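Undergrad: Let me give you the structure first, and then I'll get to my questions.
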2 protein chains.
Amino acid sequence: VRAGSAAGSAADLRAALFAEAVAIDEEGVAISHAMAEHGAALVPDGATIVHHCNTGALAAPGYGTALGVVRAAHEAGKRIHVYVDETRPRLQGARLTAWELDRLGVPHTLVVDGAAGHLMRTRGVDLCLVGADRIATNGDTANKIGTYTLALAAAAHGVPFYVVAPLNTVDWALPDGDGIAIEERDPSEVTQVGAERIAPTGTAAYNPAFDVTPAACISAIVTEAGVARAPFLETLAAARRAAPRELAATR
Amino acid sequence: VRAGSAAGSAADLRAALFAEAVAIDEEGVAISHAMAEHGAALVPDGATIVHHCNTGALAAPGYGTALGVVRAAHEAGKRIHVYVDETRPRLQGARLTAWELDRLGVPHTLVVDGAAGHLMRTRGVDLCLVGADRIATNGDTANKIGTYTLALAAAAHGVPFYVVAPLNTVDWALPDGDGIAIEERDPSEVTQVGAERIAPTGTAAYNPAFDVTPAACISAIVTEAGVARAPFLETLAAARRAAPRELAATR
């Protein structure tokens, strides 16, 4: 956005800012649709999916990220079933993802996060889908707490584990996940659920908002430029170069 | 308990029943102390421990099972720290284990179940301790939902994973965990926390009470007869033979 010439009126500036905001939104929507299409190609017909946190239209532009893949697969006519991790402590899965999937008409079932291993052992999970808050150039991915534990269960069962995120989630200055500081949030998010106190008064709680999933546990990272697989250092850089010119210019 | 002769009065019968009840309780307490001692020997000084569900004096006779090991290690002067899995959906960790550890004076921190992988990756967990609801003769162990997911995280990080349970938890007629039916409990335990509804009305939830951890993920099973390691088919049978005669007679 140019600040405009001295002759530019406040109305001109307002119009330019609004146009830029619309362009940013449209770019976000276009990126989300591209990610959703690339990701949906990885979803077999009849797939059972485990999804963590909230990654849909309530969280991100357009179709969102991981949940956009679910949506695109569903809209493509694939018969899928999503196990929705409730995602303690903030319960984004129970509160938001379950609501979005209901609105989209996608069959889904809410589970506690700890059920992941049991689901994979007994119900035949075909893939896991998660978003990302920050991705290092080697593919290490920071995402909502519980992501890494889910990834370990997936790895043990040979279940593909897909991260879905726009390229602007990649921190090109970050070599690996060790450089990602993990935010610690208020312990009361763990000791209390809404008005309901669930632990004795004075109980100490550790409440990391995120965890880091090492690249070795990630089957692929789906961006607007396509499906990147290990070695991510090369494939993410290639995705960056391959991204549509007008989008890349904003990064 | 013999029903008594025809001449036996109701008071005699009552006294006999009471004596038997006391004997059963005393046996349970003795077993718990033996498990606690055997298990405490596995806990290094300065250990960081992850514990799942509730397994203390509120759940079982005497010192309990897994939490009895914590208690014995603490009483032996070992400086330990326990990460308490909240244990969704029923929150036995948050509600009960945190309370018990506070009363015992054992340093502890409450975490969401999904934090297990992150704790192991960043904080150096030394061992996991869990109880058991039912153990097959090959060592496959049914325990509170979330146990298996924790065991997978532990296996990935090389963290010893210990099951602590009395020998009467072993089902000697059960060859492996595939024969264990998993109770499904009311979905409202997942969709609601106390009076707090956490998912949209009508959301379907799958609420298995237990999961099965395959023996391959278990480092040892601690019983009143000692520490059994793989192959459990042999070592559990040996433990059964080694158990104190008067206790074995009740099995």
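The values are calculated or read from the model by the stated rules, or taken from the named source; none is laboratory data. This structure is a prediction, so every number in the text was calculated from the model and none was measured. Cβ atoms come from the backbone with ideal geometry, glycine included; neighbour counts cover every protein chain shown. Calculation scope for accessible area: heavy atoms of the full protein, side chains included, ligands and nucleic acids excluded. Shrake-Rupley method; radii C 1.70, N 1.55, O 1.52, S 1.80 Å.
Undergrad: Quick one: net charge around B:A47, please, counting Lys, Arg +1 and Asp, Glu -1 for every other residue with C-beta under 10 Å from its C-beta.
TA: Combined, the nearby Lys, Arg, Asp and Glu give 0.
Undergrad: Where a ≥ b ≥ c are the square roots of the eigenvalues of the C-alpha gyration tensor, would you call region A:30-141 rounded, which needs a/c under 1.5, or, failing that, prolate if a/b is larger than b/c, or oblate? Spell out each step's value before the answer.
TA: Values: a/c = 1.27, a/b = 1.11, b/c = 1.14.
Rounded, because the longest to shortest axis ratio a/c is under 1.5.
Undergrad: Quick one: of the DSSP bridges fully inside the protein assembly as shown, what percent are antiparallel, nearest 5? All intermediate terms of the calculation are to be shown ahead of the outcome.
TA: Values: 24 of 64 bridges.
Of the beta bridges lying entirely in the protein assembly as shown, close to 40 percent run antiparallel.
Undergrad: Right, something else. When DSSP assigns beta bridges and you keep just the ones with both residues in chain B, what percent turn out antiparallel, to the nearest 5?
TA: Numbers: 12 of 31 bridges.
Roughly 40 percent of the beta bridges in chain B run antiparallel, per DSSP.
Undergrad: Taking the Cβ of A:R123 as the centre, find all other residues whose Cβ is under 13 Å away and add up their charges (Lys, Arg: +1; Asp, Glu: -1).
TA: Details: positive: A:R121; negative: A:D126, B:E184, B:D211.
Summing Lys/Arg as +1 and Asp/Glu as -1 gives -2.
Undergrad: Going by a 1.4 Å probe on protein heavy atoms, which residues of region A:191-212 end up with at least 50 Å² less accessible surface in the whole assembly than in their chain alone?
TA: Buried on complex formation: A:E196, A:I198, A:P200, A:Y206.
Undergrad: Quick one: grab the alpha carbon gyration tensor of region A:190-243, order the square roots of its eigenvalues as a ≥ b ≥ c, and give me rounded if a/c is under 1.5, else prolate or oblate depending on whether a/b is larger than b/c.
TA: Working: a/c = 5.00, a/b = 3.32, b/c = 1.51.
Because a/c hits 1.5 or more and a/b exceeds b/c, region A:190-243 counts as prolate.
Undergrad: How much of the accessible area of chain A, in percent, comes from carbon and sulfur atoms when a 1.4 Å probe is used?
TA: Here it works out to 52 percent.
Undergrad: Continuing with the same structure: Restricting to bridges with both residues inside region B:138-251, how much of the DSSP beta-bridge set is antiparallel, in percent to the nearest 5?
TA: Here the antiparallel bridges make up roughly 75 percent for region B:138-251.
Undergrad: Are there residues in region B:102-124 whose accessible area shrinks by at least 40 Å² when all protein chains are included rather than the chain by itself, and which are they (probe 1.4 Å, ligands and nucleic acids not counted)?
TA: Checking the loss per residue gives B:L110, B:V112, B:G114, B:H118, B:R121, B:R123.
Undergrad: Using 0.36 nm times the number of residues separating B:L17 and B:E189, minus their current alpha carbon distance, what extension gain do you get? Display every interim value, and only then the final one.
TA: Values: separation 172, 0.36 × 172 = 61.92 nm, distance 3.72 nm.
So the extension gain works out to 58.2 nm.
Undergrad: Output wanted: per-residue J couplings in Hz (rounded whole) for region A:63-73, from phi through Karplus 6.51 cos²θ - 1.76 cosθ + 1.60, θ = phi - 60°, x for Gly and Pro.
TA: 7, x, 10, 4, 5, x, 5, 4, 4, 5, 5
Undergrad: Quick one: what are the phi-derived ³J(HN,Hα) couplings along region A:95-106, Karplus 6.51/-1.76/1.60 with θ = phi - 60°, whole Hz, x for glycine and proline?
TA: 7, 10, 5, 4, 5, 5, 5, 4, 5, 7, x, 8
Undergrad: When the gyration tensor of the protein assembly as shown is built from Cα positions, what are the square roots of 5 times its three eigenvalues, in whole Å, from largest to smallest? Each step should come with its number before you reach the end.
TA: Values: eigenvalues 501, 96, 95 Å².
That gives 50, 22, 22 Å for the three semi-axes.
Undergrad: Output ³J(HN,Hα) for region B:194-199: one whole-Hz value per residue in order, computed from phi by the Karplus curve 6.51 cos²θ - 1.76 cosθ + 1.60 with θ = phi - 60°, and x for Gly and Pro.
TA: Those phi angles translate into x, 8, 8, 7, 10, 9 Hz.
Undergrad: Most mobile of A:H157, A:H52, A:H74 per a Gaussian network model of chain A (Cα springs, under 10 Å)?
TA: Comparing A:H157, A:H52, A:H74 in a Gaussian network model of chain A, the most mobile one is A:H157.
Undergrad: Going by a ≥ b ≥ c, the root eigenvalues of the Cα gyration tensor, does region B:81-129 fall in the rounded group (a/c under 1.5), the prolate group (a/b larger than b/c) or the oblate group? Before the final figure, lay out each step's value.
TA: Values: a/c = 2.61, a/b = 1.27, b/c = 2.05.
Oblate.
Undergrad: For A:K144, which lysines qualify as cross-link partners when the Cα separation must be under 28 Å and same-chain residues fewer than eight apart are set aside?
TA: A:K78, B:K144
Undergrad: Got the relative contact order for region A:118-251 handy, in percent, Cα pairs under 8 Å and 6 or more residues apart?
TA: Details: 225 pairs, mean separation 40.0, N = 134.
Relative contact order here is 30 percent.
Undergrad: How much accessible area is lost when chains B and A come together, counting both sides, with a 1.4 Å probe, in Å² rounded to the nearest 100?
TA: Summing both chains' loss of accessible area gives about 4000 Å².
Undergrad: Related question: Counting heavy atoms of the protein chains only and a 1.4 Å probe, report the per residue accessible area for region B:180-234 as a whole number of Å².
TA: On the way: 2290 Å² over 55 residues.
So region B:180-234 comes to 42 Å² accessible per residue, rounded to a whole number.
Undergrad: As an exercise, use a Förster radius of 51 Å and the Cβ-Cβ distance of B:R241 and A:A216 to find the FRET efficiency, rounded to the nearest 0.05. Can you show the working numbers first?
TA: On the way: r = 44 Å, r/R0 = 0.87.
It comes out at approximately 0.70.
Undergrad: Given a Förster distance of 25 angstrom, what is the FRET efficiency for B:H33 paired with B:W99, based on the Cβ-Cβ distance and rounded to 0.05?
TA: Values: r = 21 Å, r/R0 = 0.86.
The calculated FRET efficiency here is 0.70.
Undergrad: A further question on this structure: With all distinct Cα pairs included, what does the Kirkwood hydrodynamic radius of region A:104-251 come out to in Å, to one decimal, could you say?
TA: Details: mean 1/r = 0.0589 Å⁻¹.
Evaluated on region A:104-251, it is 17.0 Å.
Undergrad: For the modelled label position 7 Å from the Cα of B:H157 along Cα-to-Cβ, which residues of region A:207-239 have backbone nitrogen atoms closer than 18 Å?
TA: A:207-218, by backbone N distance to the label point.
Undergrad: Using 18 Å as the cut-off for backbone N distance, which residues of region A:116-155 belong to the label zone defined by a point 7 Å from the Cα of B:D178 along Cα→Cβ?
TA: Answer for region A:116-155: A:118-125.
Undergrad: Quick one: check the C-alpha center-to-center distance for region B:228-243 versus region A:68-95, whole angstrom.
TA: First find each Cα centre; the distance between them is then 44 Å.
Undergrad: Same structure again: In a GNM of chain A with a 10 Å cut-off on Cα contacts, which of A:P160, A:P175, A:P200 has the highest mean-square fluctuation?
TA: So, out of A:P160, A:P175, A:P200, the one fluctuating most is A:P200.
Undergrad: Hey, with R₀ at 25 Å, roughly what FRET efficiency would B:D171 and B:A76 work out to, going by the Cβ-Cβ distance, to 0.05? Before the final figure, lay out each step's value.
TA: Numbers: r = 32 Å, r/R0 = 1.28.
Calculated transfer efficiency: 0.20.
Undergrad: Search the structure for amide H atoms under 5 Å from the amide H of A:T109, placed 1.01 Å from N in the peptide plane, and list their residues when 5 or more places away or on another chain.
TA: Those qualifying (amide H under 5 Å, at least 5 residues apart or on another chain) are A:V82, A:Y83, A:V84.
Undergrad: A follow-up question, please. Can you list residues whose amide H is under 5 Å from B:I198's amide H, if they're 5+ apart or on another chain and H is modeled 1.01 Å from N?
TA: Those qualifying (amide H under 5 Å, at least 5 residues apart or on another chain) are B:Q192, B:V193.
Undergrad: Select from B:A23, B:A230, B:A73 the residue whose mean-square fluctuation is largest in a Gaussian network model of chain B (Cα-Cα springs shorter than 10 Å).
TA: Maximum fluctuation in the GNM of chain B, among the listed residues, is at B:A23.
Undergrad: For B:F210, enumerate residues with amide H under 5 Å from its amide H, sequence gap 5+ or separate chain, H modeled in the peptide plane.
TA: When sequence neighbours closer than 5 places are left aside, the close amide H contacts are B:I145, B:E183.
Undergrad: Report, for B:E75, each distance to the same residue's label point in the other copies, shortest first and in nm; define the point 7 Å along Cα→Cβ.
TA: 6.3
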